[in-house]
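Here is the structure we will look at.
The values are calculated or read from the model by the stated rules, or taken from the named source; none is laboratory data. Note that the structure is predicted; figures quoted are calculated from it, not measured. Because the Cβ atoms are built from the backbone with ideal geometry, glycine has one as well, and the counts that use them run over all protein chains shown. Note: accessible area is taken over every heavy atom of the protein model, side chains too, but ligands, DNA and RNA are not part of it. Shrake-Rupley method; radii C 1.70, N 1.55, O 1.52, S 1.80 Å.
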Amino acid sequence: MFEINLFIEPFFQTLYMVFVSGFFATVFGLPLGILLFITQSQHILPKPHLYRGLSLLVSGLRSIPFIILMIAIIPFTRLIVGTSIGTTASIVPLTLCAIPFLGKVIQTTLQEIPFGLIEASQSMGASTQQIILKILIPESLPGIIHAITLTLINLVAYSAMAGAIGGGGLGDLAIRYGYQRFDTNVMFFTVVILIVLVQVIQYLGEQCAKRLKR
Amino acid sequence: MIQLKNLSKTFSTRAGKITALQKINLHIHPGEIFGVIGQSGAGKSTLIRCVNLLERPDEGEILIKNKNILKFSSSELCKLRHHMGMIFQHFNLLSSRNVYDNIALPLELLNYSSQEIKKTIEPLIELTGLENKTQAFPRQLSGGQKQRVAVARALASNPDIILCDEATSALDIQTSHAILALLRDINKKWGITILVITHQMDVVKNLCDRVALLSHGEILECASVVDFFTRPKTEKAKKLIETLLHRELPDKLTQRMQASSFASATPVWRIFFKGQSAETPLISVLIQTFHLEINIFQGNIENLKDETLGILDVTVKGTEENIKKGMAYLREKGAQVEVMGYV
Ligand SMILES: Nc1ncnc2c1ncn2[C@@H]1O[C@H](COP(=O)(O)OP(=O)(O)OP(=O)(O)O)[C@@H](O)[C@H]1O
Ligand SMILES: [Mg+2]
């Protein structure tokens, strides 16, 4: 029927794209979400101009379709990884697309912390940094895990488009065999792998969040 | 300890300006338990939140230990807050931390080592009776237990002032009495100054040394608790106390009652007995010596923090002269007589 080997490399390419860009998205998206949360007016570090600027940037980036973003930032990608094609190159647009998404979801998650808790810690003399590290992050950790899980799942979907710039991965495989060579078997099997991958990410994320929930 | 001078605060909302506090003046002495009572929306929470600057007033001064905290830098303010505990109506415990770690939080903020933390909070866990709950998480606790954790947490950084915003309002009567007893204990043991905000007269009765009545952002009255109950200066305070203590005269009586005397009128008295005067048989003396006919239609005993207050509502029949003498006698014995009207 077909070579199982056909799937091995694309599968690891997908994992590589999803998790590396997921990692960088968390590194930048988590602080972004926190910054969005605390700089709101009437909050612990009110900075209306910064807040408005960040919100605009976030909603702006989120409204650009991924395929267009990917092409539009080619010069930037080249600047960072030295090339604009290939799996590693696709990590740049994937990360850039995931950061505002994760930032927004984390801001929403933090919004669920009762404001009384933040006030209580202020009344104890906590600094802004202490409030972030000792209250905001621990209190919303299950939500943060959930947000990262959601981002990873989104990245699986977007990584399929990365084939367009030679990113490789399962999505690329499905398009090449299924769409261009009408090999529905390969396409079908790819879809099954993608579904399983998403389910596994979801399951692990949920377990992690559940364990942290008090 | 805490001095508020001409404190004012106005909130601007879309619906317009709301004056939450108007020229508040208060002086709270070291070691006392001071209550602020008022109805919902009176500005109580705003007032207490000004004391640790969770809310910044528009005008006025806040002196704590004679220092104007409005002029503090943010690091000085943090330091000040480290030495002020606060207890909230809805406890505000961290759901991600167990009881022990919740109590430890203020000390963690001060970068204490875990041994120091242990040494400091173990006696507090004992004081608040939480020994077998240290590993529990807040959602596994009852309201009363949660508030005990909050009290222990407020005490952890060895504060000299504790602020309570409706600390017992979310609890049932028994639990709230236990929390009040705990606060009394703390005050007695360590001389911590406590400012309590409440709409429950019960809290004032059981806990406070002095009390202020707040209404629409203004202090109407500020007195010792006994004086507050026995001789309120304003009509509003009188009304409030009467309703809150269920001390209204029965309708049957008020319908017939006149404000001023008339021929052959029978006065209606409210007699307050304090301390020892409650122990002498005043009523029987009135009957035997002054030949008065006393009809008691309601009575009540209030157990204040340091004093017992007896309240008796009576009608007095007799000659005008004897009534006068009887009243003079009561006053001489330390009781307080108030003429409510005539029937
Ligand atoms: N952040 C705010 N913005 C706008 N208005 C506010 C704000 N905080 C309080 N107020 C208004 O100020 C007034 C006093 O509020 P406050 O919370 O001090 O009342 P309270 O006496 O504590 O009432 P309660 O017993 O219901 O807690 C109210 O009319 C309230 O609507
Ligand atoms: Mg209030």
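Listing for the model above:
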read-out	value
Convex hull volume of chain A per residue (C-alpha atoms, cubic angstrom)	124
Of the trypsin sites (Lys or Arg not before Pro) in region B:285-343, those whose Cβ has at most 15 other Cβ within 10 Å and which sit in DSSP loop	B:Lys333
Restricting region A:1-91 to chymotrypsin sites (Phe, Trp or Tyr not before Pro) in coil, as DSSP defines it, with at most 11 other Cβ within 10 Å	A:Phe2
Most mobile of B:Glu76, B:Glu307, B:Glu221 in a GNM of chain B (Cα contacts under 10 Å)	B:Glu76
Residue among B:Glu55, B:Glu116, B:Glu108 with the largest mean-square fluctuation in a Gaussian network model of chain B, springs linking Cα atoms under 10 Å	B:Glu116
Protection-proxy order for peptides A:201-213, A:96-108, A:121-133, B:86-98, each taking the mean of Cβ atoms within 10 Å per residue, highest first	A:96-108, B:86-98, A:121-133, A:201-213
Under 29 Å from the Cα of B:Lys238 - lysines, other chains or at least 8 residues apart	B:Lys5, B:Lys9, B:Lys23, B:Lys44, B:Lys205, B:Lys252, B:Lys274, B:Lys305, B:Lys317, B:Lys324, B:Lys325, B:Lys333
Chain A: DSSP helices with Cα axial extent of at least 15 Å and average Kyte-Doolittle hydropathy no lower than 1.0	A:5-38, A:87-111, A:141-159, A:184-212
D (Stokes-Einstein, µm²/s), Kirkwood Cα radius, the protein assembly as shown, 0.890 mPa s at 25 °C	85
Equivalent-ellipsoid semi-axes of region A:1-60, from the Cα gyration tensor, Å, largest first	42, 10, 6
Environment charge of A:Ala120, counting only residues whose C-beta is closer than 13 Å and scoring Lys/Arg +1, Asp/Glu -1	+3
Amide H contacts of B:Leu21 (H built 1.01 Å from N, under 5 Å, at least 5 apart or other chain)	B:Lys9
Folded to 0 to 90 degrees: helix B:99-109 orientation relative to chain B principal axis, Cα	70
Compactness of region B:73-190, expressed as Rg and Dmax over alpha-carbon positions, Å	13.6, 42
Interface B:A - total buried accessible surface [probe 1.4 Å, Å², rounded to 100]	1800
Charged-residue dipole, Cβ positions (Lys, Arg, Asp, Glu), chain A about Cα centre, Debye nearest 20	420
Accessible area in square angstrom per residue, chain B, 1.4 angstrom probe	48
For region A:120-214, diffusion coefficient by Stokes-Einstein and Kirkwood Rh (Cα), 10 °C, 1.306 mPa s, µm²/s	99
For region B:2-131, alpha-carbon Rg over 2.2 N^0.38 Å	1.25
Region B:2-242, dipole about Cα centre (Lys/Arg Cβ +1, Asp/Glu Cβ -1), debye to the nearest 20	360
Average beta-carbon neighbours from other chains, 10 Å sphere, peptide A:125-132	4
Positive minus negative residues near B:Glu116 (Lys, Arg vs Asp, Glu; Cβ under 13 Å)	0
At least 30 Å² of accessible area lost relative to the chain alone, listed for region B:48-87 with a 1.4 Å probe	B:Arg49, B:Leu54, B:Cys78, B:Arg81
Loop-located chymotrypsin sites (Phe, Trp or Tyr not before Pro) in region A:109-182, at most 16 other Cβ atoms within 10 Å (DSSP)	A:Phe182
Per-q log10 I(q)/I(0), region B:255-342, q = 0.12, 0.19, 0.20, 0.22 Å⁻¹ (Debye; single scatterer per alpha-carbon; no solvent)	-0.35, -0.84, -0.93, -1.09
Gain in span if fully extended, B:Val339 to B:Lys233, counting 0.36 nm per residue against the direct Cα distance	36.6 nm
Region B:2-242: mean projected area of Cα convex hull, nm²	13.8
Values of log10 I(q)/I(0), in the order q = 0.24, 0.25, 0.27 Å⁻¹, for region A:105-172 under a Debye, Cα-only, solvent-free model	-0.96, -1.00, -1.08
With Cα atoms, 0 to 90° folded angle of helix B:320-332 axis to chain B main axis	30
For region B:255-342, size of Cβ-based charge dipole, Lys and Arg +1, Asp and Glu -1, in debye	160
Around B:Ala167: net Lys/Arg minus Asp/Glu count, Cβ-Cβ under 13 Å	+2
Rel. contact order, % - alpha carbon contacts under 8 angstrom, at least six apart, chain B	18
Degrees between helix B:173-190 axis and first principal axis of chain B (Cα, 0 to 90, nearest 10)	70
